[in-house]
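Following: one structure in structure tokens, then a few remarks.
All of the numbers you see were taken from the coordinates with simple rules; none came from a lab. These numbers were taken from a predicted model, which means no experiment stands behind them. Cβ placement follows ideal geometry from the backbone for every residue including glycine, while neighbour counts extend to all protein chains displayed.
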Amino acid sequence: MGLDKSKLKGNIEKVGGVYSALRRVRPESRRDLGNYVKVFLGIDVPDKKICGEHNSPMDYLWYSFSSDFDAEKRTNADAVVWANRGGGKTELAAIATLLDCVFKPGCQVRILAGSGEQAGRMYEHLTGFLNNGFDELLAGAVLKGKCRFANGSGVEVLTQSAASVRGQHIQKLRCDEVELFDEKVFSAAKFTTHSKAGLTAGMEMISTMHRPYGLMQRIVTSAKQFGTPVFRWCMWEAIERCRDRSCSQCSLLGDCQGKAKKADGYLKIDDCISAMHRASRAGWEAEMLCKRPSREHVVFDEFDPDVHVKSVDYDANLPLYRAIDFGFVNPFVCLWIQVDDEGVVRVIDEYVRSRATIDVHAEQIKERTPGGEERVAATFCDPAGRSTNDVTGTSTIRELRSLGIAVRYRRSGILEGIELIRRAIRAGDGKSRLVISPRCQRLIEAMRCYHYPEGGTAASELPLKDGLYDHPIDALRYFFVNYKHSDKTTSRRY
């Protein structure tokens, strides 16, 4: 029996029509979404959480896609994605962008990256996806930096400038490699997203965390405060399954401990091994394991929250000290400190506040001082506070004394105080003599992030005065240099 070519052609066209129609059917569940991406884009998104505190890449994609379809509508769709190099962050964000445009009519998406090259990568992924039959949904040609869909949705790449970002009124903003962003551009970007009927505004901040004092670190730290979900995965959530290798002969054994046997990703094991051999340990942990950023430029690189952060409370049997760093626009800082019989410095509380007058600070300090002023052995401060203010005609130190807070100070160099703090973190005998209460979150963050200017050398340059991390450290410095030389500390009466 001969082949009926016309009938075959008709069947092919019919199948093609069904396939095209299915492409327009919105996935209703997480499983549907995974199947949709696999069938129509040829990508099998990893959906296994390997490390206990991590997420799978599919967790992020489902959250991003479903934010506008949940029965309990979210008030915003912001999200943070912290993942490893090669972990598919950019490609997944491109998939999320395609899904937004196909299934959310009128949705305006913008791509903003730390560099034009990085933004181009996400858009390149997107335009590649369009060639899988999604081009029939477009309204016009795909342009170099933007494209439009027939349902009113659209995508555009923004340049890394405040002028490019300002004036945008969109529903979805995807910030790729946010660690590399200009701070002013990032600040401007926060005001670009607006919800509209049926669409929830969302700003997605996507990056590897390269530096412990960088923008991504601050974003992740503040996410919990604002209830923003952080989707974090490392190479173990993205690596291919290990099936036939000997663990005892594998370079990854120390970190893996069998994790790759459970994995279901796409990163080639051999590629990961090669990357590990090329990288420093610090770089490997930051870039691939997402454990902690490289501490190359950090001043107190031996500070370890697991060692130096412990619950410590006021002990009425020990002398109580306070250390103050002055500020108005930059924060005013006060630390409450005790030293036990073994010489361990215990920072038990902190007060950090900007844009308040000295009388407000003084009231708060006295109110928060356990046992009252009579229990305070000494209050150490910044020597700069002795300078007379041209407006008030008095000095900060005079004001504090008039408000019942006696302060003392000693002139010292920054490096002297830093060395004393380092010695407390870890002395020559290997012991630590510094403990900070978990209540002192700003000081703990500063201990982890206080850093030297990048491009310089730690041995030849002073730490960066960034107005953020230096003030809690300065207050701690004043305690150490004054406590050590308490007999030489100045205490003037005015």
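Structure summary
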| quantity | calculated |
| --- | --- |
| Long-range HN-HN contacts of F231 with modeled amide H, under 5 Å | V80, V81, W82 |
| Sum of -39500 (n - 2.57) over DSSP H runs of 4+, divided by residues of the chain (222 nm, nearest 500) | -10500 deg cm²/dmol |
| Rounded tilt (10° steps) of 89-103 against the dominant C-alpha axis of the chain | 60 degrees |
| Among P57, S161, A150 - extreme Cα towards positive end, dipole of the stretch 19-236, charges at beta-carbon | S161 |
| Positive-end residue, the chain charge dipole about Cα centroid, Cβ charges, pick of P331, L252, L199 | L199 |
| Table column - 3J(HN,Hα) (Hz), the stretch 36-52, Karplus curve with 6.51, -1.76, 1.60, x for Gly and Pro | 4, 5, 5, 6, 8, 10, x, 10, 9, 6, x, 9, 10, 8, 9, 8, x |
| Dipole moment magnitude, nearest 20 debye, the chain about Cα centre, only Lys, Arg, Asp, Glu C-beta charged | 600 debye |
| Where the Cα pairs of the stretch 305-488 fall when distances are cut into 10 Å bins, in % | 9, 38, 38, 13, 2, 0 |
| Cross-link pairs K268/K291; K89/K224; K104/K291; K291/K484; K89/K259 - those with Cα-Cα distance over 25 Å | K104/K291; K291/K484 |
| Magnitude of the charge dipole, the stretch 312-437, Cβ model with Lys/Arg +1 and Asp/Glu -1, debye to 20 | 360 debye |
| Per-residue Cβ neighbour rank within 10 angstrom, fewest leading, L137, L476 | L137, L476 |
| Distance (nanometres) between label positions extended 7 Å along Cα→Cβ at L253 and V344 | 3.8 nm |
| Debye, to nearest 20: dipole size of the stretch 19-236, +1 on Lys, Arg Cβ, -1 on Asp, Glu Cβ | 260 debye |
| Given (i) 1.08; (ii) 1.00; (iii) 0.98, the label whose value is Rg/Rh (Cα atoms, Kirkwood Rh) derived from this model | (i) |
| Helix 215-226 vs. the chain, principal-axis angle (Cα, 0 to 90°, nearest 10) | 90 degrees |
| Of all DSSP beta bridges in the stretch 305-488, antiparallel share, percent nearest 5 | 60 percent |
| For the stretch 162-171, Karplus couplings with θ = phi - 60° (6.51, -1.76, 1.60), whole Hz, Gly/Pro x | 5, 5, 5, 7, 5, x, 7, 10, 10, 9 |
| Per-residue Cβ neighbour rank within 10 angstrom, fewest leading, K172, K259 | K259, K172 |
| Charge context of L335, other residues only, Cβ under 12 angstrom, K/R +1, D/E -1 | +2 |
| In sequence order, calculated HN-Hα J values of the stretch 272-285 (Karplus, 6.51, -1.76, 1.60; Hz; x Gly/Pro) | 5, 4, 4, 4, 5, 5, 7, 9, 6, 4, 4, x, 4, 5 |
| Lys/Arg +1, Asp/Glu -1 at C-beta; the stretch 19-236 dipole; positive extreme among S66, S20, L126 | S66 |
| Cβ crowding within 10 Å averaged over residues, with 418-427, 241-250, 151-160 ranked highest first | 151-160, 418-427, 241-250 |
| On Cα atoms only, tilt of 414-425 relative to the major axis of the chain in degrees | 80 degrees |
| Antiparallel content of DSSP bridges confined to the chain, in %, to 5 | 40 percent |
| Ranking of H485, H125, H277 by count of other Cβ atoms within 10 Å, fewest first | H277, H485, H125 |
